[in-house]
Each structure stands twice: as structure tokens, then as C-alpha cells.
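Structure first, then comments.
The values are calculated or read from the model by the stated rules, or taken from the named source; none is laboratory data. Everything numeric in this text was worked out from a predicted model, so none of it was measured. Every residue, glycine as well, gets a Cβ built from its backbone with ideal geometry; the counts of neighbours run over all protein chains shown. To get the accessible areas, we keep the full protein, side chains included, count just its heavy atoms, and leave off ligands, DNA and RNA. Shrake-Rupley method; radii C 1.70, N 1.55, O 1.52, S 1.80 Å.
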Amino acid sequence: MVVWSKDQDKLSDMSTGAVEMKKEGAPPAYHHSNGSVHPVILPDGPEELHHDAGEYELTEVTSFSDRAEQESDRSEMVVIDCRANAKGQREEDALLENASQSNESDDTSTDQNPGQPVPLKETSFSIGLQVVFPFLLAGFGTVAAGMVLDIVQHWEVFTQVTEVFILVPALLGLKGNLEMTLASRLSTAANIGQMDTAKEMWKMIMGNLALIQVQATVVGFLASIAAVIFGWIPEGQFKMGHAVLLCASSVATAFIASLLLGLIMIGVIIASRKVGINPDNVATPIAASLGDLITLALLAGISTGLYKELDHNNYANPLVCAFFVALTPIWVLIARQIPSTREVLYSGWEPVIIAMAISSVGGLILDKTVSNPNFAGMAVFTPVINGVGGNLVAVQASRISTYLHMNGLSIGEPNPTPHKCPTPCTTFFGSGVNSRSARVLFLLVAPGHLVFLYTINSMRGGHTTLTTIFIAFYMAAALLQVMILLYLADWMVQWMWRRGMDPDNFSIPYLTALGDLLGTGFLALCFHILWLIGDGDTDVGD
């Protein structure tokens with residue numbers, strides 16, 4: 001329906017048509033979307049305007065001579081009922097929608113509703129081709145992190161303040177809590193067209209960078225408290241100097257690592273869109289490729305430097321901690337300027353804090369296992385198994401979230417069809433694009449880990465000989481870990497979506513934290529079993 005007022009110089013379009021008013025007193029003409037042009041009957045007096053809009057019908061005339069001589073100062077309004085034409089247009093749209101749904105099994109691009117942004121067409125081969133390179137890159141990053149952890153576990157700060165081991169999974173998990181969540185958020189924004197203009201892009205960048213700095217500072221501080229508690233309860237000893245050291249090391253490491261990785265993520269996502277690659281396939285693995293290595297190197301270096309200051313300067317550790325905490329209000333003010341980050345700033349704390357607590361439990365397992373000289377060989381493999389599982393499940397969670405944003409109902413809107421809890425069969429053997437990506441990601445586990453194990457062995461890293469029985473146990477643990485995580489991703493992302501929670505902000509922290517816990521737990525179990533059965537061909541713990 002169209003309403004046009006001459007004295008207000010205003011045009012209101014309420015249907016698929018349009019009204020064109022020519023100058024010099026010429027009457028308006030109605031242009032329908034099918035290309036036809038119809039003249040419009042104008043009312044003679046204001047009394048005709050008192051009727052409901054639905055009483056007026058579109059009328060064709062052959063002459064406008066009488067209407068052209070209307071007084072120029074008289075207010076004119078046109079009310080056109082295009083219900084019949086709109087109904088026809090809706091029927092045409094419904095036919096197109098049904099046609100697209102009938103081809104859904106053959107073409108992945110037809111999963112979208114009409115009017116929604118169309119994602120890149122992806123087959124199993126294209127998904128694997130885009131994922132495999134960043135997956136291997138991220139894997140080699142975790143291998144390097146494992147080599148670093150294998151070396152620094154013998155440093156004085158790690159032997160004297162063993163609670164630093166509890167910080168390792170919690171801080172390495174920040175890449176899942178913050179950087180991968182940032183990558184998933186920006187990938188979705190890029191795919192649905194929220195970063196198409198330079199102004200929108202820079203607003204998203206500044207708001208998200210400020211947000212992750214706030215989260216990194218808070219999570220780093222809470223991780224240090226968890227490390228102090230987990231270290232104090234079993235031993236029954238509390239040292240204030242060590243507690244402040246843990247706080248300063250954790251906050252400084254989290255802040256610097258998140259800033260560096262956040263900048264890398266933004267560059268990757270912008271570059272991916274420019275070259276036509278789906279950012280969901282590459283952003284989260286690249287977030288982890290340098291994440292573990294940078295974070296672990298920063299933690300080892302900062303904690304070592306601050307540990308040396310304990311004997312010479314009692315104020316160094318408190319000042320470092322206070323400096324980074326004092327910057328938090330600045331980042332809060334910046335993050336509040338952007339609506340999307342303002343919402344996460346207020347509601348996005350639960351997943352990152354709970355994920356930090358879950359990762360800290362994995363850190364406690366690592367601390368108690370690696371502290372035993374018989375299981376020192378576990379250190380080099382922990383970042384690898386945790387990193388691979390977290391990388392793969394983050395890719396899947398990011399893809400499912402983008403799929404729901406582009407194809408599903410609005411967040412929290414009830415689904416008209418009853419929803420069943422996914423089963424492992426539907427997760428891995430379904431015909432949808434998400435099941436296809438789950439199969440591709442799961443098939444990358446075994447060859448990927450074999451490459452990483454061979455790399456560690458060739459570099460003479462760790463304290464463990466790669467025997468057949470060790471590889472068998474290790475691969476069983478890795479495959480079971482990733483299988484559980486991919487199934488949980490399929491269930492958790494859709495569960496959060498139905499309850500009005502944006503999966504980009506909530507799912508990845510939980511999933512990567514569970515990956516750390518499962519990976520560390522399964523790996524510790526493998527080393528204990530190998531020790532108990534007395535594998536004679538391995539020097540586990542030698």
C-alpha cells in the first residue's frame with residue numbers, strides 16, 4: 001500500500017509497488033513490480049480520506065484531463081490497496097522457496113531461506129582443502145608449544161612454584177575463550193555482511209579488541225586465584241610472594257597474548273574475505289597456530305623474570321599486576337561504544353569464567369602428573385592433544401553458528417517443528433553440511449597426530465620413545481577426545497541457539513575447555529596405563 005502527500009513531500013511505500021509523481025501538476029502513476037504502469041485516482045476532497053485504507057481499490061482510467069487541473073495548493077493523498085498483487089508476489093516467492101527446498105540434498109547453497117545472505121558453496125573436498133593447511137599450521141604451533149613446555153618444566157620457577165603448571169591450560173585456553181570466540185564472532189559478522197563497509201569494519205575491530213582485553217585481564221586474574229587455591233589446598237601451605245607472582249605473571253601474559261593474537265585474527269579474517277575463503281574454516285585454527293606458543297613463551301619468560309625479582313624487589317610483582325588491572329576501565333569504555341560488544345561485555349562472562357575453571361582442573365591434573373618424575377614425558381604431548389582437539393571443535397562450532405545465523409530462525413524463536421536431541425549417527429553420518437564437515441574434521445585427527453608425533457620424535461623432544469603400543473594408546477585417546485567434542489558441539493550450539501544465547505559468544509569457551517580437560521585426562525590415563533603394564537620398549541618418564 002502506498003500513501004503520498006504533496007504538502008509533506010513524503011512517500012510511504014507499504015507494498016511491492018511504487019508511486020511516481022511527475023512535476024507540473026501531472027498525476028501520479030502506480031508502477032507494479034511486474035513492470036505494468038497504472039494511473040492513480042486522486043480524491044476530490046478531504047472527506048474521501050476519512051475511510052479506511054482497505055476501502056480504496058486500484059482503478060485504471062484512460063484520461064487525466066480532469067485531474068490535471070486540480071488546484072496546486074490542495075493537499076493530495078493517494079491510498080492504494082495492492083493486496084491482490086502482494087498476494088500474487090507472495091505466492092511466487094513460496095513457489096521459489098519450495099523449488100529451492102526440493103534441491104536441498106543436491107546443492108548445499110539451497111539451505112538458505114530466500115532473502116538471506118548466501119554462503120560459499122562447500123563440498124567435503126573444499127572444506128578439507130581449506131581446513132587442512134591452517135590445521136597443520138596450528139598443529140605445528142602446538143608441537144612447538146609442547147617442545148617449549150618440555151624445556152621450561154625444568155626451569156627454577158616451575159620447580160619451585162609448581163602452581164605455574166596449573167596456569168598453563170587456563171592461559172593456553174584463552175585462545176578458545178577469547179581469540180577463537182573473537183574469530184567466530186567476526187567470521188559470522190563478515191559472512192552476513194556486517195563488515196562490508198570500512199566504517200562498520202573498524203567499529204567491529206575496535207569494539208572487539210577492547211572487549212577481549214577486558215576479558216583477558218579478568219580471566220588472567222581469576223586463573224591466578226584458582227591456581228593459588230588448587231595449589232594451597234592439597235599442600236596446606238600458602239606463600240604470599242608466590243601468590244602475587246602467579247597473579248602478576250597470569251595477568252601480564254593474558255593481556256599481551258590476547259592483544260597480539262587479536263590483531264592477527266582481524267588480519268586473517270579480512271584477508272580471507274578478500275580472497276574468497278570462508279573465515280570459519282581458517283580463522284580459528286590460525287588463532288591457535290601461534291596462540292599456544294606465544295602464550296607459553298610469554299608465561300615462561302614473564303614468570304621467570306618476576307621470580308628473580310622476589311629476592312631483590314618486593315614491589316615489582318604488585319606493580320605489574322596493578323598496572324594491567326588499572327587499564328581495564330579504559331577498555332570497558334571503548335567496548336561499550338559498540339552495541340554488539342556491549343552486549344557481550346555484560347552477558348559474556350559466564351562462559352569464559354566457567355571455561356577457565358574447567359581448564360584449571362585440567363591444569364591440576366597436569367601439575368600432579370608432570371611433577372612425578374615417572375611421567376615427565378607427558379609435558380611435550382599435552383599442548384598437542386589439547387590444541388588439536390580444541391582447534392577442530394572450534395572450527396565446527398563456528399561453522400554451525402554461522403549456519404544458524406544465515407539459515408535458521410531468530411535467536412530464541414521457537415522452532416515450529418519439534419526438535420530432537422542429535423545422536424552420534426546424525427552428527428557424523430547425516431546428509432547436511434554440518435555432518436559433512438564433522439566427518440572431514442574427524443578424519444583429519446589420525447593423520448594429523450601421526451605427523452605431529454613424527455615431528456616431535458625427529459626433533460628428539462620429550463622423554464618418551466614412540467613405540468607401537470604408545471602410539472596406539474595415544475591415538476585412541478585423541479580420537480575419543482575429538483569424537484566427544486564434535487558431538488557436544490552439534491548438541492551445544494543448537495541448544496544455546498534455541499535458548500536465545502549467541503553460540504559465537506558462548507559455545508567455543510566451553511568446548512575448548514572441555515577439550516583441555518579431556519585431552520589432559522586421557523593423556524594422563526595413557527601414561528599411567530603404560531607405566532602399569534610395563535611397556536619394555538619405551539622409556540616413559542626416563
Sequence gap at least 6, Cα distance under 8 Å: using those rules, report the relative contact order of segment 254-315 to the nearest whole percent.
35 percent
To the nearest 10 square angstrom, what accessible area does residue 497 show with a 1.4 Å probe?
20 Å²
Dividing the mean separation of Cα pairs under 8 Å (6+ apart) by the residue count of segment 155-371 yields a relative contact order in percent of 39 percent
Can you compute the charge dipole magnitude of segment 373-537 about its Cα centre, using +1 on each Lys and Arg Cβ and -1 on each Asp and Glu Cβ, nothing else charged? Give it in debye, rounded to the nearest 20.
280 debye
Computed for segment 155-371: size of charge dipole around the Cα centre, +1 on C-beta of each Lys and Arg, -1 on C-beta of each Asp and Glu, debye to nearest 20, value 540 debye
Ranking 154, 449 from most to least accessible area with a 1.4 Å probe gives 154, 449
What is the distance in Å between the Cα centres of segment 454-520 and segment 348-362?
16 Å
Quick calc: nm separation of the 7 Å Cα→Cβ label points for residue 495 and residue 349 -> 2.4 nm
If one computes the Cα centroid of segment 289-328 and of segment 178-221, what distance in Å separates the two points?
25 Å
Compare 510, 474, 346, 403 by solvent-accessible area with a 1.4 Å probe and give them largest first, with all protein chains kept in place.
346, 403, 510, 474
Using label points projected 7 Å from each Cα along Cα→Cβ, tell me how many nm separate residue 407 and residue 160, to one decimal.
5.7 nm
For a label point 7 Å along the Cα-to-beta-carbon line of residue 304, residues of segment 441-476 with backbone N under 20 Å:
460-463
Take the Cβ-Cβ distance between residue 471 and residue 431 as r, set R0 to 35 Å, and report the resulting FRET efficiency rounded to the nearest 0.05.
0.55
Just subtract the alpha-carbon distance of residue 237 and residue 371 from 0.36 nm times their residue separation and send over the number in nm, one decimal.
46.5 nm
Going from most exposed to least, what order do 470, 221, 230 have by accessible area with a 1.4 Å probe?
221, 230, 470
Pairs of Cα atoms under 8 Å, at least six residues apart: use those to get the relative contact order of segment 373-537, whole percent.
43 percent
Net length gained if the chain between residue 313 and residue 533 were fully extended (0.36 nm per residue, minus Cα distance):
74.3 nm
Residue 473: accessible area at probe 1.4 Å, nearest 10 Å²?
60 Å²
Carbon and sulfur together cover what percent of the accessible area of segment 373-537 at a 1.4 Å probe radius?
67 percent
